[in-house]
Amino acid sequence: KVHNYGFALGMLSGEDRLVKGGSLGAGILLLIYYMKLLFSKKGKWKFAGTSLMLSGAVSNLYDRLKRGYVVDYIGFDAGDPQIRKITFNLGDFCLMGGAAVVAAAAAAAEIGKTIRRWEKSLLSGHK
């Protein structure tokens, strides 16, 4: 177990107010975006990804506010001592996985728009 007093990878350890405030602010922004998606008929994958991110953020925020640190307990048994120092918790994986889902959904939407533009230009060019 590692007690992480900072953000990811211990960044800003020792800056308690900044870390707690930043975590709370990010959580509020995620909640606002989540509520926007909740009432939208589009963006099911973005909603799923944001749900994962929000669950990870709330978990880590709870730890920060209750304990003053986040407990990281998942590490990698690697030959490189720098890599062995990197630890995560389930909330971190929810944040990363959710961000990956949101990014993939946004990329898929952009690809879809590009394909529809190409189809439109091809069809209009053959009339």
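Counting protein heavy atoms only, the stretch 1-124 has 68 percent of its accessible area on carbon and sulfur, 1.4 angstrom probe.
Taking every C-alpha pair closer than 8 Å and separated by at least 6 residues, the mean separation divided by the residue count of the stretch 45-105 gives a relative contact order of 54 percent. A 1.4 Å probe run over the stretch 17-118, with the rest of the protein chains in place, finds 66 Å² accessible per residue. Taking Ala107, Ala99, Ala48 as the candidate residues, the one with maximal mean-square fluctuation in a Gaussian network model of the chain, Cα springs under 10 Å, is Ala107.
Here is the tail figure for the chain: Cα pairs spaced more than 18 Å apart come to 63 percent of all pairs.
Checked against a 30 Å cut-off, the cross-linked pairs Lys44/Lys120; Lys20/Lys113; Lys42/Lys66; Lys20/Lys46; Lys1/Lys41; Lys42/Lys85 give Cα-Cα distances beyond that limit for Lys20/Lys113; Lys42/Lys66; Lys1/Lys41; Lys42/Lys85. Would you kindly find the accessible area of Ser121, with a 1.4 Å probe and non-protein molecules such as ligands, DNA and RNA excluded, rounding to the nearest 10 Å²? Roll a 1.4 Å probe over it and Ser121 shows about 70 Å².
Report the chymotrypsin sites (Phe, Trp or Tyr not before Pro) located in the stretch 16-59 that are in a DSSP loop and have at most 15 other Cβ atoms inside 10 Å of their Cβ, or state none. Those satisfying the criteria are Phe39. Rolling a 1.4 Å probe over the protein chains gives Ile83 an accessible area of about 70 Å². Take every pair of alpha-carbon atoms less than 8 Å apart whose residues are at least six positions apart; their mean separation over the length of the chain yields a relative contact order of 28 percent. The calculated 222 nm mean residue ellipticity attributable to helices in the chain amounts to -24000 deg cm²/dmol, summing -39500 (n - 2.57) over DSSP H runs of n ≥ 4 and dividing by all residues.
The values are calculated or read from the model by the stated rules, or taken from the named source; none is laboratory data. Here the structure is a predicted model, which is why all the values come from computation and not from measurement. Glycine gets a Cβ as well: all are built from the backbone with ideal geometry, and neighbour counts include every protein chain shown. Only protein heavy atoms, including side chains, enter the accessible area calculation; ligands, DNA and RNA are left aside. Shrake-Rupley method; radii C 1.70, N 1.55, O 1.52, S 1.80 Å.
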